[in-house]
Amino acid sequence: MDHVSSKVPGVPAAPGRMPLLGHTMALWRDPLGFLESLHESGDTVRVDLGTWPVYFVTSPELVRDVLVDRARGFDRGRHADRVRQLFGNGLATSDGEFHDRQRRLVRPAFHRSRVGGWIEIMARHARDLAESWRPGQIVELNREITELVLATFAEAMFASRMARPAVEEMQRSLPVIMRDAVTRAVLPKFLDHLPVPVNRRFDTAAARLRREFDQVIARYKEAGADHGDLLSLLLAARDADTGEAMSPEQVRDELITITVAATETTSAALAWAFHELGRAPDADRRLHAEIGESAGTGAAYAVSGALPYTTAVLDEVLRLHAIPLSMRRARESVELGGVHLPEGSEVAFSIYALHRDPRRYRDPHRFDPDRWLAPPADRPGRGAFLPFGAGNRKCLGDAFAWTEMTVALATIASRWRLRPVSEAIPREVRSVSIPRPSSLLMTAVPRGA
């Protein structure tokens, strides 16, 4: 489907537009601040990426229209086109009946009963990390948490040693992919095929990762054994109507999609959780008091609902640190909030900005877990909190991510209080998922010291 390059009348343009470049420079200089400001221009706002108009919806009601009520009227859009070289035709980029089929095939692998079987893996890796620190040690928490999440997910995904080269490539290529994917999505279209640095880095890392995943899938199929891991589950999945399995190429595309979604969101959220707790001693003490009743590991409580304050802390972290940019493309003419958009129009929304909208959240930039413990009537309304999306594209791995965050946070926080080395707030670094902290140096202080 061709995109629409003409402007829709009656839709205000965001401030800061430049000739030919549109709003590209404003997005480049301060992407998060720019996205947060869009609601001031209206519920539907035009942002020009070069000469290409994109229509941002800024209210929970219109975002729900796009994600749920009228989801069948939208395809993935420009963002998916720009990252297809990495994700292929996986869940992050596919549309229509094929997407629905793939969702049915992948969903059983992330059923809560399956996730429960991986809790001990999550707890063991978190304990190993906690036990590796010494009192007073300064840890680069961003790196440590990323390695923890990668190691945990790699074991859940690849139980066999034959997958070790793929795990090493994940550790090498994923940071590059995460950093550059969002940049590619907002660059003017004429730069798509030019050998600019961001394209070269992204294309090289994506090709390496796909090659390694192809090789490990071939080795698994040749061995023919069930290793009890995620890859074995995907290879064994069968369509309920036709009995067909996924092709090796489709398994690869889904593995890469799942890997990026599972590792990036979880690692960034955990890093921010410790940062926020380090700056909020009262919240840290309340968290520790709650998890102290769980025998110090948190594993048995991760899926039981017995850690309400821990859950509130994670909710608040996921509110403050959310996905900045998602895009869709209208498959047919559609009306959103009284605005008529023609077929092919690019529609975008920012969960990051939605979660910080002062119309929905009191003091929206403040870390306040208690806002999630208020009576339901006093909490943000329907659609104002979407950490894992909504509708037919809601993240299938949300239970896995939530369980791992709970287990890791409870396990580490039961042993250590992590104090920031500096009072400076880390810069939020753009990523394909949650922006991650630029640097996070923290001092490990034993509980009770």
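The values are calculated or read from the model by the stated rules, or taken from the named source; none is laboratory data. Not measured: the values here are computed from a predicted model. All Cβ positions, even for glycine, are placed from backbone atoms using ideal geometry, and neighbour counts span all protein chains on display.
Filtered by the rule that a residue be more than 20 Å from Arg164 (Cβ to Cβ) and under 25 Å from the mean Cα position of the chain (by Cα), segment 201-236 gives Arg201, Phe202, Asp203, Thr204, Ala206. Checking each residue in segment 311-335 for being at pLDDT 95 or above and of a type in the set (Val, Ile, Thr) picks out Val313, Val317. If you go through segment 403-430 and pick out every residue that is surrounded by fewer than 23 Cβ atoms within 10 Å (Cβ to Cβ) and either over 15 Å from Pro135 (Cα atoms) or without any contact (Cβ under 8 Å) to a residue 40 or more places away in the chain (or both), you end up with 10.
Within segment 134-172, being of a type in the set (Lys, Arg) and over 18 Å from Lys221 (Cα atoms) holds for Arg134, Arg143, Arg172.
For segment 302-319, filtering for residues that are surrounded by fewer than 23 Cβ atoms within 10 Å (Cβ to Cβ) and either of a type in the set (Gly, Ala, Ser) or outside the structural domain of Phe274 (by TED's automatic domain parsing) (or both) leaves 4. Of the candidates Ser431, Ser414, the single residue that is among the polar types (S, T, N, Q) and within 24 Å of the chain's Cα centre (by Cα) is Ser431. Are any residues in segment 34-64 closer than 23 Å to Pro364 by Cβ and either touching a strand residue (DSSP E or B) at 6+ places or on another chain (Cβ under 6 Å) or among the β-branched types (Val, Ile, Thr) (or both), and if so, which ones? Selection gives Leu38, Thr44, Val45, Val47, Phe56, Val57, Thr58, Leu62, Val63. Once segment 24-79 is narrowed to residues that are out of contact with any Pro (no Cβ under 8 Å at 6 or more places or on another chain) and of a type in the set (Lys, Arg), the residue that is surrounded by the fewest Cβ atoms within 10 Å (Cβ to Cβ) is Arg29.
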